[in-house]
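Have a look at the structure below, then the notes.
The values are calculated or read from the model by the stated rules, or taken from the named source; none is laboratory data. What you see is a predicted model; the values in this text were computed from it and never measured. Glycine gets a Cβ as well: all are built from the backbone with ideal geometry, and neighbour counts include every protein chain shown. Areas reflect the complete protein model, heavy atoms only, side chains present, ligands, DNA and RNA absent. Shrake-Rupley method; radii C 1.70, N 1.55, O 1.52, S 1.80 Å.
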Amino acid sequence: MQLAQVAIVGAVNVGKSSLFNRLLKKKQAITFDRPGVTRDCNVAVWEFNHKPVYLIDTPGYQASLENEDHDYDPLIQKSIESHMRTIIADSDCLVFVYDASVGLSQQDRQHLRYLYRLGKPILAVANKMDCASEESLADVHTIDAISYHKISATAKQGLLQLSEAIHSVIEEKISLLDAGTTAQKDLSNNSIRFALLGKPNVGKSTLTNALVRKSVSVVSDTAGTTRDAMTVTFNWQDYDFTLVDTAGVRRRTKIRDAVEQSAVSQVLGIIQHEVSICVYLIDAGETLSDQDFRLIRLVADARVRLIIAVNKIDLLDESAKKSYLQKLQKQLFSHTYYPIILISAEKKISLHHLLRKIVELNKQNGVVNTSKLTRLLEDAIATHQPPMVRNRRIKPRIAYPHSQDPFGIVIQGKQVSQLPISYQQYLRKQFQNILSIDGIPLKITLQDDFNPYKK
């Protein structure tokens with residue numbers, strides 16, 4: 001969907017992410033009282049007065065960041081600034097924020113000169129007005145802007161007037177795009193939202209850029225470059241995709257930094273509440289670790305469909321590729337319902353296979369009706385009888401869809417709660433294979449027949 005684009009710009013630690021969260025009315029960007037927390041441009045659809053626009057939280061510029069950010073890396077910082085300039089140049093409106101508690105700095109003025117050259121409409125915002133002097137607040141009027149605002153993002157002061165001003169500036173742009181937006185709404189059934197998951201440095205940001213076909217995410221060989229989950233949209237074969245690129249998740253015992261803890265909590269929230277499909281990315285140079293299986297189990301527990309994508313497959317020859325795939329399938333012997341796609345994000349190899357599989361999983365509506373499930377249950381029992389319990393045969397009688405889980409099956413009968421785990425796994429595999437359900441384990445719930453004579 002083509003929407004107008006609004007970028008929030010300014011130095012580090014001036015409250016851009018806090019303002020971003022306040023305007024969205026949810027905590028999408030990680031905020032922390034430390035410079036340099038935001039690295040990627042965080043994109044979200046912001047709707048005000050029923051008119052949606054893309055709102056972008058950009059990383060801060062700061063030459064002295066080297067002395068203030070203990071994770072500072074000059075190569076990452078160079079990539080961040082290059083990426084930020086691209087996003088700003090593509091934006092329709094710029095919201096320039098400075099810290100009114102310290103006033104407009106020389107570096108702010110230098111950055112403003114760069115923004116003036118772009119010829120974009122600028123809204124000047126003095127943040128932290130609740131702890132600023134009159135002199136530093138007055139600095140806002142020295143900026144060459146189309147409107148001036150004094151706000152406090154944390155105290156929620158001045159946000160309504162700022163929101164109205166932003167939408168007033170881009171009203172013309174919204175009007176020009178209205179026809180295209182209306183046409184796109186007819187394709188709402190073809191809209192698919194998915195998340196990229198994985199350990200640090202497996203290539204999630206590279207894959208994001210490859211799928212979107214432009215540089216929207218900072219890429220670095222340094223693990224942990226991505227902190228905020230970033231949402232981007234793209235189109236492929238008449239399908240509108242919304243991709244959530246998440247931070248890499250390490251083992252809990254290795255996480256010491258509070259910012260990384262916030263990033264991990266954000267990833268878990270996305271799995272549980274924001275997406276119905278996840279793509280789990282692993283490096284072709286590695287097999288699945290305990291941490292990988294922990295994250296895969298989290299996805300299964302959240303009842304979210306999953307695809308395992310093996311990245312950097314271009315680094316393996318055909319023999320090594322075949323050997324690796326056999327080893328991976330052996331590791332996944334009890335998780336055969338997860339499809340495996342071999343890709344290269346950097347070389348853009350087999351990305352269409354990945355997208356096609358996402359579309360397939362999105363079309364899965366869940367298990368079928370009671371009559372067919374019961375027939376499948378009867379066939380499975382005829383092939384392999386349930387065991388005896390206390391000299392009495394367990395008798396599964398009926399199977400029907402779970403009322404609250406589209407990929408859940410309730411099996412009812414005599415003593416079915418006594419079915420051993422091995423037989424439950426047998427039934428699950430039979431249902432999974434015959435119903436051709438990929439990407440999610442069917443959940444079997446056992447329910448004994450009601451006995452009116454049992455006290």
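Key figures for this structure:
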{"read-out": "1 or more residues modelled with pLDDT of 85 or more: qualifying helices (runs of 4 or more DSSP H) within segment 145-252", "value": "159-169, 204-212"}
{"read-out": "Flag for Y337 being among the hydroxyl-bearing types (S, T, Y), over 24 Å from I440 (Cβ atoms) and open to solvent by less than 40 Å² (accessible area, probe 1.4 Å)", "value": "no"}
{"read-out": "Any hit, segment 397-410, residues being open to solvent by 50 Å² or more (accessible area, probe 1.4 Å), farther than 30 Å from V202 by Cα, of a type outside the set (D, E, K, R) and in contact with a strand residue (DSSP E or B) (Cβ under 7 Å, 6 or more places away or on another chain)", "value": "yes"}
{"read-out": "Residue list for segment 395-424, restricted to those being among the hydrophobic types (A, V, I, L, M, F, W, C) and either farther than 17 Å from V304 by Cα or assigned to a helix (DSSP H, G or I) (or both)", "value": "I398, A399, V410, I411, V416, L419, I421"}
{"read-out": "Cβ-Cβ under 6 Å pairs, at least 6 apart or on other chains, segment 272-294 side over 16 Å from P339 (Cα atoms) and in contact (Cβ under 8 Å) with a residue 12 or more places away in the chain, far side of a type outside the set (D, E, K, R) and open to solvent by 20 Å² or more (accessible area, probe 1.4 Å)", "value": "Q272/A302"}
{"read-out": "Residue that is modelled with the lowest pLDDT, among those in segment 326-357 that are out of contact with any Gly (no Cβ under 8 Å at 6 or more places or on another chain) and closer than 18 Å to L295 by Cβ", "value": "S334"}
{"read-out": "Residue in segment 284-331 that is surrounded by the most Cβ atoms within 10 Å (Cβ to Cβ), counting only those that are basic (K, R) and assigned to a helix (DSSP H, G or I)", "value": "K321"}
